[in-house]
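Student: Would you mind keeping the following structure in view while I ask a few things?
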């Protein structure tokens, strides 16, 4: 997938290509959310457009404000969210001498679970690392910026219950826009009492 991203030129009265409106810098963590469908479809690569704001008129030129970082190299919220997502999920190792990524080879296991509650706009992707750890990514597929009024939309959290039917030894929750440290350690289950 190529050229995935959002521009933050709120002073630009332009929708690029008829489909790319502006968003506020506070809502650019959506860039990391936008990469999740490509993970689900097993896309081998996703290219975020672009790393650095290209031109100096960042506030008024849409083409100048797609960067994950501003021209002065300060990160936008999208940079931090994407960096955190990569830090939590990365597993392949780069071998510079042969110029290629080494991906671990393993046989994934199943994780039986269900989601209940307000799941109308809930999307999810389940991943597993070679060490057996599962990562269940959950997000609301809802707008977080009103492109007409140019105001952020404060979407309320929705109550969702995760029920595990496969035994797990421990679990934790993360919010990638906030960092890579667990927000909460959850109750653990023994193999003798699956849930």
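Student: Can you pull out the residues in the stretch 40-77 that are in contact with a strand residue (DSSP E or B) (Cβ under 9 Å, 6 or more places away or on another chain) and at pLDDT 85 or above?
Tutor: 51, 52, 53, 68, 69, 70, 71, 73, 75, 76
Student: In this structure, does residue 117 turn out to be outside the structural domain of residue 158 (by TED's automatic domain parsing) and either over 28 Å from residue 167 (Cβ atoms) or surrounded by 10 or more Cβ atoms within 10 Å (Cβ to Cβ) (or both)?
Tutor: no
Student: Run down 150, 140 and say which single residue is assigned by TED's automatic domain parsing to the domain that holds residue 177, over 22 Å from the mean Cα position of the chain (by Cα) and within 30 Å of residue 10 (Cα to Cα).
Tutor: Answer to the selection: 150.
Student: A further question on this structure: Taking the options 177, 87, 92, name whichever one is within 17 Å of the chain's Cα centre (by Cα) and in the same structural domain as residue 36 (by TED's automatic domain parsing).
Tutor: Only one candidate passes the filter, namely 87.
The values are calculated or read from the model by the stated rules, or taken from the named source; none is laboratory data. Every value quoted in this text rests on a predicted model; they were computed, and no experiment measured them. Please note: Cβ atoms are built from the backbone with ideal geometry, for glycine as well, and neighbour counts cover all protein chains shown.
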